[in-house]
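Comments concern the structure below.
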Number of protein chains: 2
Amino acid sequence: MKTIEIKGAWQGNSDCESCAIRSSVLFAELNEEDFSKIHAPIDDFSFEANAELYAQGDSAEYVYTLREGYIKLLHFNPDGTARIVRLVRPGDLFGMESLLDDLYKHSAIALTNIHVCKIPKKIISSLGDESPRMHRQIVKKWGEALSQAEAWFSEINTGRIEIRLARFFLQLSRQSGENSVAPLFKREDMGLMMDVKFETISRALASMAEQGLIANVSKLSVQIPDLARLKAFAKRGMD
Amino acid sequence: MKTIEIKGAWQGNSDCESCAIRSSVLFAELNEEDFSKIHAPIDDFSFEANAELYAQGDSAEYVYTLREGYIKLLHFNPDGTARIVRLVRPGDLFGMESLLDDLYKHSAIALTNIHVCKIPKKIISSLGDESPRMHRQIVKKWGEALSQAEAWFSEINTGRIEIRLARFFLQLSRQSGENSVAPLFKREDMGLMMDVKFETISRALASMAEQGLIANVSKLSVQIPDLARLKAFAKRGMD
DNA sequence: CGTTGGTTTGAAAGGACTCAAGAGGGGTGG
DNA sequence: CCACCCCTCTTGAGTCCTTTCAAACCAACG
(Lines give C-alpha, C1' and ligand atoms only; values in the text may rest on other atoms or scores of the structure.)
Protein backbone atom coordinates (compact mmCIF):
# COMPACT_ATOMS: atom_id res chain seq x y z
CA MET A 1 0.00 0.00 0.00
CA LYS A 2 1.80 3.08 -1.16
CA THR A 3 0.87 6.66 -0.59
CA ILE A 4 0.44 8.75 -3.66
CA GLU A 5 1.48 12.34 -3.47
CA ILE A 6 -0.24 14.50 -5.99
CA LYS A 7 -0.58 18.18 -5.49
CA GLY A 8 -3.83 19.78 -6.41
CA ALA A 9 -3.75 22.56 -8.94
CA TRP A 10 -4.99 25.84 -7.67
CA GLN A 11 -7.64 27.25 -9.93
CA GLY A 12 -8.17 30.61 -8.37
CA ASN A 13 -10.51 31.88 -5.71
CA SER A 14 -14.11 30.90 -5.96
CA ASP A 15 -16.82 33.36 -6.63
CA CYS A 16 -19.36 31.56 -4.51
CA GLU A 17 -22.10 34.06 -4.97
CA SER A 18 -22.31 33.24 -8.66
CA CYS A 19 -21.41 29.57 -8.44
CA ALA A 20 -23.32 27.38 -10.84
CA ILE A 21 -24.01 24.62 -8.34
CA ARG A 22 -24.47 26.88 -5.39
CA SER A 23 -28.09 25.98 -4.94
CA SER A 24 -27.19 22.44 -4.12
CA VAL A 25 -24.38 23.09 -1.74
CA LEU A 26 -23.34 24.68 1.44
CA PHE A 27 -24.05 28.29 0.75
CA ALA A 28 -27.44 27.72 -0.79
CA GLU A 29 -29.34 29.71 1.78
CA LEU A 30 -26.95 32.55 2.28
CA ASN A 31 -27.89 36.05 1.26
CA GLU A 32 -25.78 38.96 0.17
CA GLU A 33 -25.21 40.10 3.69
CA ASP A 34 -23.89 36.72 4.67
CA PHE A 35 -21.51 36.66 1.76
CA SER A 36 -20.14 39.99 2.78
CA LYS A 37 -19.02 38.36 5.99
CA ILE A 38 -16.80 35.88 4.20
CA HIS A 39 -13.28 37.14 4.39
CA ALA A 40 -10.96 34.15 4.21
CA PRO A 41 -10.46 32.89 0.66
CA ILE A 42 -12.31 29.90 -0.65
CA ASP A 43 -10.09 28.11 -3.09
CA ASP A 44 -11.06 26.24 -6.15
CA PHE A 45 -8.87 23.21 -6.71
CA SER A 46 -8.58 20.47 -9.22
CA PHE A 47 -6.94 17.12 -8.54
CA GLU A 48 -6.05 14.18 -10.70
CA ALA A 49 -7.45 10.73 -10.18
CA ASN A 50 -5.79 8.94 -7.24
CA ALA A 51 -4.86 12.15 -5.50
CA GLU A 52 -5.37 12.06 -1.74
CA LEU A 53 -7.08 15.20 -0.47
CA TYR A 54 -6.53 14.27 3.13
CA ALA A 55 -5.81 11.18 5.16
CA GLN A 56 -7.59 9.63 8.10
CA GLY A 57 -6.00 11.13 11.18
CA ASP A 58 -4.87 14.34 9.49
CA SER A 59 -5.62 17.56 11.26
CA ALA A 60 -8.90 18.77 9.82
CA GLU A 61 -8.92 22.36 8.64
CA TYR A 62 -11.16 22.37 5.61
CA VAL A 63 -14.58 21.37 4.49
CA TYR A 64 -14.88 20.45 0.84
CA THR A 65 -17.58 20.63 -1.75
CA LEU A 66 -17.23 18.36 -4.75
CA ARG A 67 -18.00 20.15 -7.98
CA GLU A 68 -17.06 17.51 -10.48
CA GLY A 69 -15.99 13.87 -10.51
CA TYR A 70 -16.10 11.16 -7.85
CA ILE A 71 -14.28 10.74 -4.58
CA LYS A 72 -14.03 7.76 -2.25
CA LEU A 73 -13.99 8.10 1.51
CA LEU A 74 -11.87 5.32 2.95
CA HIS A 75 -12.04 4.14 6.52
CA PHE A 76 -9.04 2.19 7.75
CA ASN A 77 -9.61 -0.50 10.33
CA PRO A 78 -7.22 -1.11 13.20
CA ASP A 79 -5.80 -4.12 11.34
CA GLY A 80 -4.92 -2.14 8.24
CA THR A 81 -7.77 -3.33 6.05
CA ALA A 82 -10.02 -0.64 4.65
CA ARG A 83 -13.52 -0.07 3.39
CA ILE A 84 -15.02 2.62 1.24
CA VAL A 85 -17.61 4.14 3.53
CA ARG A 86 -19.02 6.69 1.15
CA LEU A 87 -18.94 7.60 -2.49
CA VAL A 88 -18.94 11.37 -2.83
CA ARG A 89 -20.84 12.71 -5.81
CA PRO A 90 -21.00 16.17 -7.32
CA GLY A 91 -22.77 18.59 -4.99
CA ASP A 92 -21.89 16.59 -1.89
CA LEU A 93 -20.11 18.07 1.09
CA PHE A 94 -17.35 16.10 2.76
CA GLY A 95 -14.75 16.49 5.45
CA MET A 96 -17.33 17.93 7.81
CA GLU A 97 -15.52 16.37 10.73
CA SER A 98 -13.33 19.43 10.66
CA LEU A 99 -16.24 21.39 12.08
CA LEU A 100 -16.28 19.53 15.34
CA ASP A 101 -13.12 17.58 15.71
CA ASP A 102 -9.51 18.14 14.90
CA LEU A 103 -8.94 14.98 12.92
CA TYR A 104 -10.41 13.59 9.75
CA LYS A 105 -12.13 10.29 10.41
CA HIS A 106 -11.43 8.87 6.97
CA SER A 107 -9.22 9.43 3.95
CA ALA A 108 -10.51 11.16 0.83
CA ILE A 109 -9.10 10.00 -2.49
CA ALA A 110 -10.11 11.06 -5.98
CA LEU A 111 -11.52 8.28 -8.12
CA THR A 112 -11.52 10.45 -11.21
CA ASN A 113 -10.15 13.84 -12.03
CA ILE A 114 -12.02 16.19 -9.77
CA HIS A 115 -12.90 19.76 -9.03
CA VAL A 116 -13.45 20.86 -5.45
CA CYS A 117 -14.03 23.95 -3.37
CA LYS A 118 -11.86 24.04 -0.29
CA ILE A 119 -13.48 25.97 2.52
CA PRO A 120 -11.51 26.86 5.65
CA LYS A 121 -13.45 25.74 8.69
CA LYS A 122 -13.09 29.09 10.40
CA ILE A 123 -15.29 30.64 7.77
CA ILE A 124 -18.03 28.28 8.73
CA SER A 125 -17.75 28.69 12.45
CA SER A 126 -17.56 32.46 12.31
CA LEU A 127 -20.35 32.68 9.79
CA GLY A 128 -22.35 30.10 11.66
CA ASP A 129 -22.47 32.10 14.83
CA GLU A 130 -24.11 34.94 13.01
CA SER A 131 -26.13 33.13 10.44
CA PRO A 132 -28.76 30.59 11.45
CA ARG A 133 -29.34 29.96 7.74
CA MET A 134 -25.81 28.73 7.46
CA HIS A 135 -26.20 26.43 10.40
CA ARG A 136 -29.42 25.07 9.06
CA GLN A 137 -27.75 24.26 5.80
CA ILE A 138 -24.90 22.47 7.51
CA VAL A 139 -27.25 20.40 9.58
CA LYS A 140 -29.13 19.53 6.45
CA LYS A 141 -26.06 18.47 4.52
CA TRP A 142 -24.89 16.46 7.44
CA GLY A 143 -28.18 14.73 7.66
CA GLU A 144 -28.09 13.88 4.00
CA ALA A 145 -24.64 12.44 4.40
CA LEU A 146 -25.84 10.23 7.21
CA SER A 147 -28.88 9.04 5.33
CA GLN A 148 -26.82 8.34 2.27
CA ALA A 149 -24.23 6.45 4.27
CA GLU A 150 -26.91 4.31 5.88
CA ALA A 151 -28.72 3.55 2.67
CA TRP A 152 -25.45 2.84 0.93
CA PHE A 153 -24.38 0.60 3.71
CA SER A 154 -27.59 -1.32 3.71
CA GLU A 155 -28.25 -1.67 0.02
CA ILE A 156 -24.77 -2.12 -1.35
CA ASN A 157 -23.78 -4.62 1.31
CA THR A 158 -26.64 -7.05 1.45
CA GLY A 159 -27.26 -10.14 -0.64
CA ARG A 160 -25.30 -11.80 -3.43
CA ILE A 161 -22.88 -9.59 -5.26
CA GLU A 162 -24.76 -9.50 -8.49
CA ILE A 163 -27.64 -8.02 -6.58
CA ARG A 164 -25.41 -5.51 -4.86
CA LEU A 165 -24.00 -4.51 -8.19
CA ALA A 166 -27.47 -4.12 -9.61
CA ARG A 167 -28.44 -1.77 -6.78
CA PHE A 168 -25.20 0.08 -7.21
CA PHE A 169 -25.94 0.66 -10.87
CA LEU A 170 -29.46 1.79 -10.15
CA GLN A 171 -28.21 4.35 -7.66
CA LEU A 172 -25.63 5.77 -10.02
CA SER A 173 -27.28 5.42 -13.39
CA ARG A 174 -28.11 8.45 -15.42
CA GLN A 175 -29.70 8.99 -18.79
CA SER A 176 -27.18 9.42 -21.57
CA GLY A 177 -28.64 9.86 -25.01
CA GLU A 178 -30.59 6.78 -25.94
CA ASN A 179 -30.01 4.63 -22.87
CA SER A 180 -28.96 4.56 -19.23
CA VAL A 181 -25.33 4.45 -18.23
CA ALA A 182 -23.67 3.83 -14.89
CA PRO A 183 -20.07 4.60 -14.03
CA LEU A 184 -17.62 1.89 -13.04
CA PHE A 185 -14.48 2.28 -11.01
CA LYS A 186 -11.41 0.20 -10.54
CA ARG A 187 -12.48 -3.34 -9.71
CA GLU A 188 -10.39 -3.12 -6.60
CA ASP A 189 -12.31 -0.05 -5.44
CA MET A 190 -15.63 -1.58 -6.26
CA GLY A 191 -14.58 -4.53 -4.16
CA LEU A 192 -13.83 -2.21 -1.26
CA MET A 193 -17.29 -0.74 -1.56
CA MET A 194 -19.10 -4.05 -1.53
CA ASP A 195 -16.78 -6.14 0.57
CA VAL A 196 -15.61 -8.62 -2.04
CA LYS A 197 -12.37 -9.26 -3.87
CA PHE A 198 -11.81 -7.59 -7.21
CA GLU A 199 -11.88 -10.89 -9.07
CA THR A 200 -15.38 -11.43 -7.77
CA ILE A 201 -16.48 -8.08 -9.15
CA SER A 202 -14.99 -8.97 -12.48
CA ARG A 203 -16.78 -12.32 -12.59
CA ALA A 204 -20.08 -10.81 -11.50
CA LEU A 205 -19.88 -8.21 -14.24
CA ALA A 206 -19.18 -10.91 -16.81
CA SER A 207 -22.09 -12.98 -15.59
CA MET A 208 -24.49 -10.05 -15.59
CA ALA A 209 -23.43 -9.13 -19.10
CA GLU A 210 -24.08 -12.70 -20.17
CA GLN A 211 -27.57 -12.47 -18.73
CA GLY A 212 -28.13 -9.29 -20.70
CA LEU A 213 -28.68 -7.21 -17.57
CA ILE A 214 -25.86 -4.91 -18.56
CA ALA A 215 -23.99 -4.30 -21.78
CA ASN A 216 -20.78 -2.80 -23.05
CA VAL A 217 -18.84 -3.34 -19.88
CA SER A 218 -15.69 -1.28 -20.06
CA LYS A 219 -13.24 -0.03 -17.50
CA LEU A 220 -15.19 3.11 -16.83
CA SER A 221 -18.85 2.41 -17.44
CA VAL A 222 -21.66 0.02 -18.29
CA GLN A 223 -24.81 0.48 -20.27
CA ILE A 224 -28.13 -0.60 -18.88
CA PRO A 225 -30.33 -1.79 -21.74
CA ASP A 226 -33.42 -2.33 -19.61
CA LEU A 227 -33.70 -0.38 -16.38
CA ALA A 228 -36.93 -2.07 -15.34
CA ARG A 229 -35.43 -5.50 -15.77
CA LEU A 230 -32.40 -4.56 -13.71
CA LYS A 231 -34.68 -3.17 -11.05
CA ALA A 232 -36.61 -6.42 -10.94
CA PHE A 233 -33.37 -8.33 -10.70
CA ALA A 234 -32.21 -6.14 -7.81
CA LYS A 235 -35.32 -7.16 -5.93
CA ARG A 236 -35.87 -10.80 -6.57
CA GLY A 237 -32.71 -12.03 -8.14
CA MET A 238 -33.14 -14.17 -11.22
CA ASP A 239 -35.61 -16.85 -10.22
CA MET B 1 -42.24 -10.79 9.86
CA LYS B 2 -44.86 -9.50 12.20
CA THR B 3 -45.25 -6.05 13.59
CA ILE B 4 -45.23 -5.79 17.31
CA GLU B 5 -47.36 -3.14 18.88
CA ILE B 6 -46.21 -2.20 22.29
CA LYS B 7 -47.09 1.12 23.78
CA GLY B 8 -44.50 3.00 25.68
CA ALA B 9 -45.23 3.84 29.26
CA TRP B 10 -45.23 7.50 30.04
CA GLN B 11 -42.96 8.26 32.91
CA GLY B 12 -43.68 11.93 33.38
CA ASN B 13 -42.14 15.09 32.05
CA SER B 14 -38.41 15.36 32.09
CA ASP B 15 -36.61 17.85 34.18
CA CYS B 16 -33.84 18.33 31.67
CA GLU B 17 -32.01 20.94 33.65
CA SER B 18 -31.19 18.44 36.35
CA CYS B 19 -30.89 15.38 34.14
CA ALA B 20 -28.17 12.99 35.21
CA ILE B 21 -26.89 12.34 31.72
CA ARG B 22 -27.45 15.85 30.44
CA SER B 23 -23.79 16.52 29.95
CA SER B 24 -23.58 13.86 27.30
CA VAL B 25 -26.66 14.72 25.36
CA LEU B 26 -28.46 17.32 23.41
CA PHE B 27 -28.87 20.04 25.94
CA ALA B 28 -25.35 19.85 27.28
CA GLU B 29 -24.45 23.38 26.33
CA LEU B 30 -27.66 25.13 27.17
CA ASN B 31 -27.78 27.65 29.97
CA GLU B 32 -30.60 28.70 32.23
CA GLU B 33 -31.85 31.27 29.80
CA ASP B 34 -32.11 28.68 27.06
CA PHE B 35 -34.06 26.35 29.27
CA SER B 36 -36.53 29.06 30.06
CA LYS B 37 -37.37 29.07 26.36
CA ILE B 38 -38.47 25.46 26.37
CA HIS B 39 -42.24 25.40 26.55
CA ALA B 40 -43.42 22.21 24.90
CA PRO B 41 -43.14 19.20 27.18
CA ILE B 42 -40.32 16.73 26.88
CA ASP B 43 -41.61 13.33 27.80
CA ASP B 44 -39.82 10.55 29.50
CA PHE B 45 -40.84 7.17 28.18
CA SER B 46 -40.00 3.57 28.82
CA PHE B 47 -40.52 0.78 26.33
CA GLU B 48 -40.19 -2.95 26.53
CA ALA B 49 -37.81 -4.94 24.40
CA ASN B 50 -39.07 -5.34 20.83
CA ALA B 51 -41.17 -2.19 20.94
CA GLU B 52 -41.03 -0.13 17.77
CA LEU B 53 -40.56 3.56 18.50
CA TYR B 54 -41.13 4.55 14.91
CA ALA B 55 -41.00 2.94 11.50
CA GLN B 56 -39.12 3.85 8.36
CA GLY B 57 -41.41 6.13 6.41
CA ASP B 58 -43.33 7.40 9.42
CA SER B 59 -43.84 11.09 9.70
CA ALA B 60 -40.98 12.36 11.85
CA GLU B 61 -42.00 14.58 14.73
CA TYR B 62 -39.61 13.73 17.53
CA VAL B 63 -35.96 13.46 18.26
CA TYR B 64 -35.03 10.90 20.90
CA THR B 65 -32.31 10.57 23.43
CA LEU B 66 -31.59 7.10 24.73
CA ARG B 67 -31.13 7.06 28.48
CA GLU B 68 -30.92 3.35 29.12
CA GLY B 69 -30.76 0.14 27.11
CA TYR B 70 -30.03 -0.56 23.45
CA ILE B 71 -31.92 0.24 20.29
CA LYS B 72 -31.43 -0.97 16.73
CA LEU B 73 -31.94 1.26 13.72
CA LEU B 74 -33.18 -0.86 10.82
CA HIS B 75 -32.97 0.15 7.20
CA PHE B 76 -35.27 -1.72 4.84
CA ASN B 77 -34.11 -2.28 1.30
CA PRO B 78 -36.43 -2.04 -1.68
CA ASP B 79 -36.62 -5.83 -1.81
CA GLY B 80 -37.79 -6.17 1.77
CA THR B 81 -34.52 -7.34 3.25
CA ALA B 82 -33.16 -5.23 6.07
CA ARG B 83 -29.93 -4.30 7.77
CA ILE B 84 -29.17 -2.83 11.16
CA VAL B 85 -27.44 0.40 10.27
CA ARG B 86 -26.72 1.61 13.76
CA LEU B 87 -26.74 0.38 17.30
CA VAL B 88 -27.93 3.16 19.57
CA ARG B 89 -26.27 3.27 22.96
CA PRO B 90 -27.10 5.24 26.09
CA GLY B 91 -26.47 8.94 25.58
CA ASP B 92 -26.93 8.72 21.82
CA LEU B 93 -29.37 10.86 19.92
CA PHE B 94 -31.50 9.30 17.20
CA GLY B 95 -34.33 10.18 14.90
CA MET B 96 -32.58 13.39 13.91
CA GLU B 97 -34.08 13.11 10.44
CA SER B 98 -37.11 14.77 11.91
CA LEU B 99 -35.13 18.00 12.02
CA LEU B 100 -34.83 18.24 8.29
CA ASP B 101 -37.21 15.88 6.66
CA ASP B 102 -40.69 14.73 7.29
CA LEU B 103 -40.04 11.04 7.26
CA TYR B 104 -37.90 8.74 9.32
CA LYS B 105 -35.27 7.05 7.20
CA HIS B 106 -35.14 3.90 9.28
CA SER B 107 -37.11 2.04 11.92
CA ALA B 108 -36.15 2.19 15.58
CA ILE B 109 -36.76 -0.92 17.65
CA ALA B 110 -35.82 -1.60 21.25
CA LEU B 111 -33.38 -4.46 21.73
CA THR B 112 -33.77 -4.38 25.49
CA ASN B 113 -36.08 -2.59 27.85
CA ILE B 114 -35.32 1.05 27.35
CA HIS B 115 -35.72 4.53 28.70
CA VAL B 116 -35.90 7.45 26.29
CA CYS B 117 -36.57 11.17 26.22
CA LYS B 118 -38.92 12.17 23.46
CA ILE B 119 -38.28 15.67 22.23
CA PRO B 120 -40.73 17.39 19.88
CA LYS B 121 -38.84 18.73 16.91
CA LYS B 122 -40.41 22.14 17.19
CA ILE B 123 -38.58 22.70 20.43
CA ILE B 124 -35.35 22.23 18.63
CA SER B 125 -36.10 24.41 15.69
CA SER B 126 -37.48 27.24 17.76
CA LEU B 127 -34.68 27.02 20.25
CA GLY B 128 -32.16 26.62 17.51
CA ASP B 129 -33.00 29.89 15.90
CA GLU B 130 -32.19 31.70 19.09
CA SER B 131 -29.43 29.59 20.49
CA PRO B 132 -26.24 28.96 18.55
CA ARG B 133 -25.16 26.71 21.40
CA MET B 134 -28.04 24.46 20.66
CA HIS B 135 -27.21 24.33 17.00
CA ARG B 136 -23.62 23.57 17.73
CA GLN B 137 -24.62 20.69 19.90
CA ILE B 138 -26.88 19.27 17.23
CA VAL B 139 -24.18 19.49 14.63
CA LYS B 140 -21.85 17.76 17.01
CA LYS B 141 -24.24 14.92 17.76
CA TRP B 142 -24.95 14.50 14.12
CA GLY B 143 -21.30 14.31 13.35
CA GLU B 144 -20.76 11.70 15.98
CA ALA B 145 -23.58 9.66 14.55
CA LEU B 146 -22.00 9.80 11.12
CA SER B 147 -18.57 8.85 12.38
CA GLN B 148 -20.00 6.04 14.40
CA ALA B 149 -22.01 4.77 11.46
CA GLU B 150 -18.95 4.78 9.24
CA ALA B 151 -16.71 3.08 11.73
CA TRP B 152 -19.40 0.55 12.50
CA PHE B 153 -19.93 -0.09 8.87
CA SER B 154 -16.30 -0.59 8.16
CA GLU B 155 -15.21 -2.58 11.16
CA ILE B 156 -18.23 -4.75 11.75
CA ASN B 157 -18.61 -5.65 8.09
CA THR B 158 -15.13 -6.55 6.95
CA GLY B 159 -13.31 -9.85 7.15
CA ARG B 160 -14.31 -13.27 8.46
CA ILE B 161 -17.14 -13.28 10.94
CA GLU B 162 -15.10 -14.30 13.89
CA ILE B 163 -13.06 -11.20 13.34
CA ARG B 164 -16.14 -9.04 12.99
CA LEU B 165 -17.48 -10.46 16.21
CA ALA B 166 -14.19 -9.77 17.95
CA ARG B 167 -14.33 -6.13 16.87
CA PHE B 168 -17.95 -5.95 17.91
CA PHE B 169 -17.08 -7.16 21.39
CA LEU B 170 -14.21 -4.75 21.70
CA GLN B 171 -16.46 -1.86 20.82
CA LEU B 172 -19.11 -2.81 23.33
CA SER B 173 -17.13 -4.31 26.16
CA ARG B 174 -17.13 -2.74 29.55
CA GLN B 175 -15.47 -3.57 32.82
CA SER B 176 -17.70 -5.51 35.16
CA GLY B 177 -16.14 -6.45 38.45
CA GLU B 178 -13.23 -8.75 37.80
CA ASN B 179 -13.38 -9.02 34.01
CA SER B 180 -14.69 -7.51 30.80
CA VAL B 181 -18.16 -8.25 29.56
CA ALA B 182 -19.83 -7.53 26.24
CA PRO B 183 -23.57 -7.64 25.58
CA LEU B 184 -25.07 -10.06 23.09
CA PHE B 185 -28.36 -9.70 21.27
CA LYS B 186 -30.62 -12.09 19.49
CA ARG B 187 -28.54 -14.07 17.02
CA GLU B 188 -30.89 -12.95 14.31
CA ASP B 189 -30.20 -9.31 15.14
CA MET B 190 -26.49 -9.85 15.33
CA GLY B 191 -26.74 -11.41 11.91
CA LEU B 192 -28.47 -8.31 10.59
CA MET B 193 -25.66 -6.18 11.96
CA MET B 194 -22.88 -8.19 10.35
CA ASP B 195 -24.61 -9.47 7.27
CA VAL B 196 -24.64 -13.17 8.02
CA LYS B 197 -27.31 -15.70 8.91
CA PHE B 198 -28.02 -16.32 12.57
CA GLU B 199 -26.71 -19.87 12.42
CA THR B 200 -23.37 -18.48 11.38
CA ILE B 201 -23.29 -16.21 14.43
CA SER B 202 -24.07 -19.14 16.63
CA ARG B 203 -21.31 -21.24 15.12
CA ALA B 204 -18.79 -18.42 15.32
CA LEU B 205 -19.55 -17.88 19.00
CA ALA B 206 -19.07 -21.57 19.67
CA SER B 207 -15.79 -21.61 17.81
CA MET B 208 -14.48 -18.50 19.58
CA ALA B 209 -15.42 -19.98 22.94
CA GLU B 210 -13.55 -23.14 22.02
CA GLN B 211 -10.49 -21.07 21.26
CA GLY B 212 -10.79 -19.42 24.64
CA LEU B 213 -11.27 -15.98 23.17
CA ILE B 214 -14.57 -15.60 24.95
CA ALA B 215 -16.22 -17.42 27.82
CA ASN B 216 -19.58 -17.96 29.40
CA VAL B 217 -21.54 -17.36 26.23
CA SER B 218 -25.16 -16.86 27.17
CA LYS B 219 -28.12 -15.32 25.42
CA LEU B 220 -27.37 -11.86 26.70
CA SER B 221 -23.65 -11.56 27.19
CA VAL B 222 -20.15 -12.96 26.92
CA GLN B 223 -17.15 -12.60 29.13
CA ILE B 224 -13.80 -11.66 27.69
CA PRO B 225 -11.09 -13.36 29.70
CA ASP B 226 -8.23 -11.66 27.92
CA LEU B 227 -8.90 -8.34 26.23
CA ALA B 228 -5.42 -8.06 24.80
CA ARG B 229 -5.67 -11.46 23.18
CA LEU B 230 -9.03 -10.64 21.65
CA LYS B 231 -7.59 -7.40 20.36
CA ALA B 232 -4.72 -9.28 18.75
CA PHE B 233 -7.17 -11.70 17.23
CA ALA B 234 -9.27 -8.85 15.82
CA LYS B 235 -6.18 -7.64 14.02
CA ARG B 236 -4.40 -10.65 12.68
CA GLY B 237 -6.84 -13.47 13.05
CA MET B 238 -5.42 -16.65 14.52
CA ASP B 239 -2.30 -17.35 12.50
C1' DC C 1 8.20 -3.93 -28.52
C1' DG C 2 8.93 -4.91 -23.75
C1' DT C 3 7.02 -2.94 -19.32
C1' DT C 4 3.46 -1.90 -16.37
C1' DG C 5 -0.98 -1.63 -14.12
C1' DG C 6 -5.33 -3.27 -14.38
C1' DT C 7 -8.73 -6.85 -15.85
C1' DT C 8 -10.22 -11.41 -16.99
C1' DT C 9 -10.40 -16.35 -16.42
C1' DG C 10 -9.44 -21.03 -14.39
C1' DA C 11 -9.28 -24.60 -10.77
C1' DA C 12 -9.22 -25.89 -6.10
C1' DA C 13 -10.14 -24.67 -1.29
C1' DG C 14 -12.69 -22.54 2.21
C1' DG C 15 -16.34 -20.06 4.38
C1' DA C 16 -21.25 -19.11 4.63
C1' DC C 17 -25.85 -20.68 3.42
C1' DT C 18 -29.79 -23.90 3.41
C1' DC C 19 -32.57 -27.22 5.21
C1' DA C 20 -33.46 -29.88 8.98
C1' DA C 21 -33.53 -31.77 13.47
C1' DG C 22 -32.82 -31.37 18.34
C1' DA C 23 -31.94 -28.84 22.89
C1' DG C 24 -32.91 -25.10 26.34
C1' DG C 25 -35.71 -21.70 28.74
C1' DG C 26 -39.58 -19.07 29.92
C1' DG C 27 -44.38 -18.68 30.12
C1' DT C 28 -49.17 -20.55 30.36
C1' DG C 29 -52.82 -23.41 31.59
C1' DG C 30 -54.39 -27.54 33.65
C1' DC D 1 -46.36 -27.61 40.47
C1' DC D 2 -45.84 -29.93 36.32
C1' DA D 3 -46.79 -30.62 31.35
C1' DC D 4 -46.74 -28.43 27.26
C1' DC D 5 -45.85 -24.92 23.90
C1' DC D 6 -43.31 -21.54 21.69
C1' DC D 7 -39.38 -19.14 20.71
C1' DT D 8 -34.65 -19.06 20.35
C1' DC D 9 -30.32 -21.10 20.07
C1' DT D 10 -27.35 -24.97 18.73
C1' DT D 11 -25.57 -28.45 15.71
C1' DG D 12 -25.13 -31.37 11.43
C1' DA D 13 -24.58 -32.36 6.39
C1' DG D 14 -24.61 -31.01 1.77
C1' DT D 15 -24.62 -27.14 -1.53
C1' DC D 16 -23.45 -22.76 -3.18
C1' DC D 17 -20.82 -18.64 -3.41
C1' DT D 18 -16.56 -16.28 -2.66
C1' DT D 19 -11.69 -16.53 -2.03
C1' DT D 20 -7.11 -17.81 -3.21
C1' DC D 21 -3.42 -18.54 -6.14
C1' DA D 22 -1.99 -18.49 -10.79
C1' DA D 23 -1.69 -17.49 -15.42
C1' DA D 24 -3.07 -15.09 -19.40
C1' DC D 25 -4.71 -10.91 -21.51
C1' DC D 26 -5.01 -6.08 -22.77
C1' DA D 27 -4.17 -1.24 -23.46
C1' DA D 28 -1.25 2.56 -22.45
C1' DC D 29 3.38 4.21 -22.50
C1' DG D 30 8.19 4.90 -22.90
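Structure above, values below:
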{"item": "A:GLU32 accessible area, 1.4 Å probe, all protein chains in place, Å² to nearest 10", "result": "140 Å²"}
{"item": "Probe 1.4 Å, protein heavy atoms only - accessible area per residue of the protein assembly as shown in square angstrom", "result": "45 Å²"}
{"item": "Contour excess over end-to-end distance, with Cα ends at B:LYS197 and B:ARG133 and 0.36 nm allotted per residue", "result": "18.6 nm"}
{"item": "³J(HN,Hα), Karplus 6.51/-1.76/1.60, whole Hz, each residue of the range A:112-119, x for Gly, Pro", "result": "9, 5, 9, 9, 10, 9, 10, 10"}
{"item": "Pseudo-label separations to other copies for B:GLN211 - Cα-to-Cβ vector, 7 Å, nm", "result": "3.4"}
{"item": "Relative contact order (%) - criterion: Cα under 8 Å, at least six apart; region: the range B:98-239", "result": "19 percent"}
{"item": "Inter-copy label distances at A:GLU48 (7 Å, Cα→Cβ; nm, one decimal)", "result": "6.5"}
{"item": "Sequence-distant residues sharing a close amide H with A:ALA82 (under 5 Å, placed H)", "result": "A:ASN77"}
{"item": "Degrees, to the nearest 10: A:198-210 long Cα axis against longest axis of chain A", "result": "60 degrees"}
{"item": "Cα-based convex hull, chain B, per residue volume (Å³, whole number)", "result": "138 Å³"}
{"item": "Residue-averaged beta-carbon neighbours from other chains (10 angstrom radius) around B:97-103", "result": "3"}
{"item": "Extension gain, A:GLN171 back to A:ALA206 (0.36 nm per residue minus Cα-Cα distance, nm)", "result": "10.6 nm"}
{"item": "Convex hull per residue volume in Å³, alpha carbons only, for the protein assembly as shown", "result": "166 Å³"}
{"item": "Shortest-first distances to equivalent copies, position A:GLN11, nm, label 7 Å out along Cβ", "result": "5.3"}
{"item": "Sulfur and carbon atoms: percent of accessible area, the protein assembly as shown [1.4 Å]", "result": "49 percent"}
{"item": "Debye, to nearest 20: dipole size of the protein assembly as shown, +1 on Lys, Arg Cβ, -1 on Asp, Glu Cβ", "result": "1520 debye"}
{"item": "Estimated [θ] at 222 nm from DSSP helical runs (n ≥ 4, -39500 (n - 2.57)) normalised by residues in the protein assembly as shown, nearest 500", "result": "-10500 deg cm²/dmol"}
{"item": "Buried area at the A-B interface (accessible, heavy atoms, 1.4 Å probe, summed, Å²)", "result": "3500 Å²"}
{"item": "Rounded to 10°, Cα long-axis angle of helix B:132-156 versus longest principal axis of chain B", "result": "20 degrees"}
{"item": "Percent RCO, i.e. relative contact order, over chain B, from Cα pairs under 8 Å lying at least 6 residues apart", "result": "17 percent"}
{"item": "Violating pairs (Cα-Cα greater than 25 angstrom) within the set A:LYS118/A:LYS197; A:LYS72/A:LYS121; A:LYS141/B:LYS186; B:LYS118/B:LYS219; A:LYS197/B:LYS197", "result": "A:LYS118/A:LYS197; A:LYS141/B:LYS186; B:LYS118/B:LYS219"}
{"item": "Förster-model FRET efficiency, 41 Å R0, A:ILE21 and B:ASN216, C-beta, rounded to 0.05", "result": "0.15"}
{"item": "Cβ-Cβ FRET estimate between A:ASN113 and B:TRP10, R0 fixed at 45 Å, reported to 0.05", "result": "0.20"}
{"item": "Counted charge near B:HIS115, where neighbours are those whose Cβ lies closer than 13 Å (Asp, Glu -1; Lys, Arg +1)", "result": "-2"}
{"item": "Centroid-to-centroid separation of the range A:54-78 and the range A:158-192 [C-alpha atoms, Å]", "result": "22 Å"}
{"item": "Candidates B:GLU61, B:GLU199, B:GLU155, ranked by Gaussian network fluctuation over chain B, Cα under 10 Å, top entry", "result": "B:GLU199"}
{"item": "A:ALA228-B:GLU48 FRET efficiency (beta carbon distance; Förster radius 30 Å; 0.05 resolution)", "result": "0.10"}
{"item": "Shielding by other protein chains, B:75-88, mean Cβ within 10 Å", "result": "5"}
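The values are calculated or read from the model by the stated rules, or taken from the named source; none is laboratory data. What you see is a predicted model; the values in this text were computed from it and never measured. Glycine also receives a Cβ, built like all others from the backbone with ideal geometry; neighbour counts cover every protein chain displayed. The accessibility values were calculated without ligands, DNA or RNA, using every heavy atom of the protein model including side chains. Shrake-Rupley method; radii C 1.70, N 1.55, O 1.52, S 1.80 Å.
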